[in-house]
Amino acid sequence: MNEFEDLLNSVSQVEPGDVVTAEVLTVDANQANVAIAGTGVEGVLTLRELTNDRDADINDLVKPGETLELLVLRQVVGKDTDTVTYLVSKKRLEARKAWDKLVGREEEVVTVKGTRAVKGGLSVEFEGLRGFIPASMLDTRFVRNTERFVGQEFDAKIKEVDPKENRFILSRREVVEAAAAAARAEVFGKLNVGDVVTGKVARITSFGAFIDLGGVDGLVHLTELSHERNVSPKSVVSVGEEIEVKVLDLNEEEGRVSLSLKATTPGPWDGVEQKLAAGDVIEGTVKRLTDFGAFVEVLPGIDGLVHISQISHKRVENPKDALKVGQEVTVKVLEVNAAAERVSLSIKALEERPAQEEGQKEEKRQSRPRRPRRQEKRDFELPETQTGFSMADLFGDIEL
């Protein structure tokens with residue numbers, strides 16, 4: 001009993017909450033036995049009090065003979081022996097130091113590591129201290145799947161620190177927004193309308209593709225993706241692909257950049273005079289029908305117009321009565337105007353004029369009534385007459 005009292009007296013200087021220096025004696029299973037310097041007593045350091053990583057191997061974290069700074073948690077007296085040991089923690093000491101570092105540092109940016117996806121956000125670690133980032137503060141867009149941040153290191157801004165409530169809130173979104181604003185200013189400082197730049201396809205929508213220009217996303221509208229009409233954006237570009245685009249318009253105030261992919265590639269009308277000429281007879285496909293005619297694709301990306309009057313020698317009330325979309329037709333080129341991007345075509349020019357049409361025209365000419373001859377204008381004037389004349393005056397010189 002006296003030996004036990006002497007042992008207690010020898011360790012009375014060790015109290016819960018003390019920060020002590022200890023030497024690792026042994027590492028066994030998931031705990032390490034340590035000797036607390038200057039006390040003659042030992043402590044137990046478990047894996048749980050060493051790290052938050054439950055899958056870690058304790059042998060990779062501590063080695064026999066290593067000296068550690070630890071926090072004393074509580075005293076442990078053996079049930080069947082008279083030994084006195086202490087439960088110590090390295091993790092909590094680091095957390096205490098982290099809290100001390102954090103107080104008064106709101107709005108500062110620190111580097112954290114994502115540890116676990118939790119309800120409503122992401123749990124992170126900063127120098128052994130556990131913090132929380134709400135899902136709404138993870139990115140500029142709401143993040144539903146926070147798992148992708150687990151294991152990543154990234155910068156976040158400290159928003160709230162309360163050691164008493166163990167409350168540590170951060171925001172990654174504000175860091176991302178600040179970086180984006182700086183990158184946007186840099187990009188707009190370099191870009192000019194008409195520049196051809198290289199970017200990466202960030203995302204594809206039904207109305208076009210957004211291109212990452214290194215901090216600013218520019219839009220290639222559907223109409224600027226290809227010289228072909230009615231194409232699907234996914235058939236032209238793919239996410240992650242690097243492409244060259246031309247700057248069409250810049251709006252720094254709204255952060256908007258309009259781009260064109262088709263402007264960087266040769267158009268179907270380039271050198272069309274070497275491909276088509278008046279008088280050529282070619283095959284084509286009916287692409288569109290309108291009230292005034294039919295548009296026929298004669299070369300990739302080039303549609304020529306067959307006017308309603310050039311569809312047939314017979315009278316055509318509506319092009320839909322004579323042609324169908326997708327129909328293959330043979331046409332004659334009447335005119336090529338590359339500047340106006342216009343090609344005039346004819347179907348009836350390749351058809352023989354009906355014989356009866358000649359007879360009908362001749363019959364119409366013969367049956368057409370002659371116009372009455374215009375009365376010749378007289379070049380003399382009748383003498384002035386006087387009123388009150390008699391028959392004798394008119395016929396006085398005639399002998400009866």
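The values are calculated or read from the model by the stated rules, or taken from the named source; none is laboratory data. The shown structure was predicted, so the numbers you read here are calculated from the model rather than taken from an experiment. We place every Cβ from the backbone using ideal geometry, glycine too, and count neighbours over all the protein chains shown. Areas reflect the complete protein model, heavy atoms only, side chains present, ligands, DNA and RNA absent. Shrake-Rupley method; radii C 1.70, N 1.55, O 1.52, S 1.80 Å.
Want the number for Asp55 to Asp212: 0.36 nm per residue separation, take away the alpha-carbon distance, what's left?
Values: separation 157, 0.36 × 157 = 56.52 nm, distance 3.85 nm.
Stretched fully, the Asp55-Asp212 segment lengthens by 52.7 nm.
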Expected field for Phe292, accessible surface area in Å² at 1.4 Å probe radius, rounded to 10, holds 100 Å²
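Sorted by accessible area (1.4 Å probe), largest first, how do His313, His307 line up?
Details: His313 50, His307 80 Å².
The ranking, largest first, comes out as His307, His313.
Between Arg105 and Val44, what is 0.36 nm times their sequence separation minus the Cα-Cα distance? Round to one decimal in nm.
Working: separation 61, 0.36 × 61 = 21.96 nm, distance 3.41 nm.
Roughly 18.6 nm would be gained on extension.
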Report, in whole Å, the centroid distance computed from the Cα atoms of the stretch 116-148 and the stretch 183-208.
30 Å
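Mind giving me the FRET efficiency for Ser235 and Glu186? R0 is 41 Å, r the Cβ-Cβ distance, nearest 0.05 is fine. Don't skip to the end; give the middle numbers.
Working: r = 33 Å, r/R0 = 0.81.
That gives a FRET efficiency of 0.80.
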If you find the alpha carbon centre of the stretch 220-260 and of the stretch 300-334, how far apart are they in angstrom?
33 Å
All-pairs Cα distance distribution in the stretch 191-260, expressed in whole percent, bin size 5 Å
4, 19, 32, 27, 14, 5, 1
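Determine Rg/Rh for the stretch 221-345; Rg is computed over alpha-carbon atoms and Rh is the Kirkwood hydrodynamic estimate from the same atoms.
Details: Rg = 18.1 Å, Rh = 16.7 Å.
For the stretch 221-345, the value is 1.08.
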What is the calculated FRET efficiency for Thr330 to Asp291, with r their C-beta to C-beta distance and R₀ = 30 Å, to the nearest 0.05?
0.80
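How charged is the neighbourhood of Arg256? Take every other residue with its Cβ under 13 Å from the Cβ of Arg256, and add Lys/Arg as +1 and Asp/Glu as -1.
Numbers: positive: Arg184; negative: Asp217, Asp249, Glu252, Glu253, Glu254.
So the environment of Arg256 carries a net charge of -4.
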Between Asp28 and Glu252, what is the spin-label point distance in nm, taking each point 7 Å from the Cα along the Cα→C-beta axis?
7.0 nm
Too long at a 23 Å Cα-Cα cut-off: which of Lys287/Lys320; Lys90/Lys113; Lys113/Lys157; Lys159/Lys190; Lys200/Lys246; Lys262/Lys287?
Lys159/Lys190
Surrounding net charge for Asp212, when Lys and Arg each add one and Asp and Glu each subtract one, Cβ distance under 14 Å
-2
Can you send over the solvent-accessible area of Asp270, 1.4 Å probe, protein chains only, in Å² to the nearest 10?
90 Å²
Once ligands and nucleic acids are excluded and a 1.4 Å probe is used, how much of Glu165 is accessible, expressed in Å² to the nearest 10?
130 Å²
